[in-house]
Amino acid sequence: MSSQEYLSIAFWNIENLFDLVDDPNKNDDEFSIGGRKNVTSEIYDLKIKQSAEVLLDLNADILGLCEVENLSVLQDLNRSFAKRDYDIIHYDSPDERGIDNVLLYDKSRFKVLNSRPIRNSLNNKDKTRDILYVLGQFQGDALHIFVNHWPSNYGGVEQSIPKRAATANLIKNEIKKIQSKNAYAEIVLLGDFNEDPDDVNVSSLEEVGLKSLMKPMIGKPNVGTYVYRGKDYFYDQIIINNGLNDNKNLTVVKNSVYILDLPKYRQQEGKYKHYPFRFWAGSRLLGGYSDHLAVKFLIKNVNFSN
């Protein structure tokens, strides 16, 4: 089977892709000219260059991103990644920092039918990023995609768990709506869930037939997408429903799930050896890529591959 018969789908938390303009309606001033990070146009250009390198290594037909400020930075990134000319799906969300979820896609490989932001009000307790919903087709069969960036542990784990519970319930209700119309619908969730696959709120997605493809990786030494206090976590996940795992129509290609974990994407020495090689450490420029590693998998259309 040629690579053209596979659809490659990836996700990456790009870590703070901000422009240089201070938006008075967003908490983005540290990344602006004159802000505490002392960002310059040269530093911004380096961020775009490093991010485009990840896109090149992924070379995905569909790519979900989070921590993106606006359409302008996405257009700069797209211009810098010359191998593909992605179409961009982006909506501004009410997040206080102004960061959004995004889908980039190659329209020669994937046909988008519609998209919308799903407002996540956290039970009217906070402002956070929307969930991005996209419905499209691969080789004539429908695929429902949700791009997620669930509330982080900033401010304390105990305070954040209920926020992620509200987010999980929001997703489950959306899934139920889809399944009520088509019990065999094929669904994938991409995102930074700020929980491991076996944590309570991600696990609750199993109630609507979803499972994380990262779950079998738990416990493997030095494997993960994020590191905190020396411990590996699988916050960045690909989560699918049974419809993508039944070997009918669209289905996951066996053993295709992987983490983009090249040596250059981790620090190789010092106190933070093994940590993802991030672009910023506080206000100190490291010049790396992100504090998260990217994930990717393949699907195929069984009707076209036999």
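The values are calculated or read from the model by the stated rules, or taken from the named source; none is laboratory data. Model, not experiment: these values are computed from the prediction. FYI the Cβ positions are ideal-geometry reconstructions off the backbone, even for glycines, and counts take in every protein chain you see. For accessibility, only protein heavy atoms count, side chains too; no ligands or nucleic acids. Shrake-Rupley method; radii C 1.70, N 1.55, O 1.52, S 1.80 Å.
Some notes on this structure:
- Spin-label model, Glu207/Leu113: points 7 Å from Cα along the beta carbon direction are separated by 2.7 nm.
- Relative contact order of the chain, pairs being alpha-carbon contacts under 8 Å that are 6 or more residues apart, as %: 19
- Across the chain, counting alpha-carbon atoms alone, Rg and Dmax equal 18.5, 58 Å.
- Taking trypsin sites (Lys or Arg not before Pro) across the range 120-220, the ones in a DSSP loop with at most 15 further Cβ atoms lying within 10 angstrom of their Cβ are Lys125, Lys127.
- Pairwise Cα separations in the range 162-241 fall into 10 Å bins from 0 onward with the following percentages, short to long: 18, 49, 25, 7, 1.
- Tail fraction, Cα-Cα pairs, the range 37-143, threshold 21 Å, whole percent: 42
- Most fluctuating residue given options Pro162, Pro117, Pro221, as computed from a GNM of the chain linking Cα atoms under 10 Å: Pro221
- The range 1-108: Lys pairs at Cα distance under 26 angstrom, eight or more positions apart or on different chains: 10
- Surface share of carbon and sulfur [accessible, 1.4 angstrom probe, percent] for the range 215-286: 50
- Equivalent ellipsoid dimensions for the range 151-190 as semi-axes, Å, which come from the Cα gyration tensor, largest first: 28, 10, 5
- Sorted largest first, extent of the range 189-293 alpha carbons per principal axis (Å): 48, 27, 24
- Projection of the Cα convex hull of the range 231-306, averaged over all directions and equal to a quarter of that hull's surface, yields 6.9 nm².
- Gain on full extension, evaluated as 0.36 nm per residue between Ile218 and Lys273 minus their Cα-Cα distance, stands at 17.8 nm.
- For the range 56-207, the share of accessible area belonging to carbon and sulfur comes to 45 percent (1.4 Å probe, ligands and nucleic acids excluded).
- Partner lysines whose Cα lies under 21 Å from the Cα of Lys176, excluding those fewer than 8 positions away in the same chain, are identified as Lys163, Lys211, Lys248.
- Hits among lysines - C-alpha to C-alpha of Lys273 under 21 Å, sequence gap 8 or more where chains match: Lys220, Lys231, Lys264
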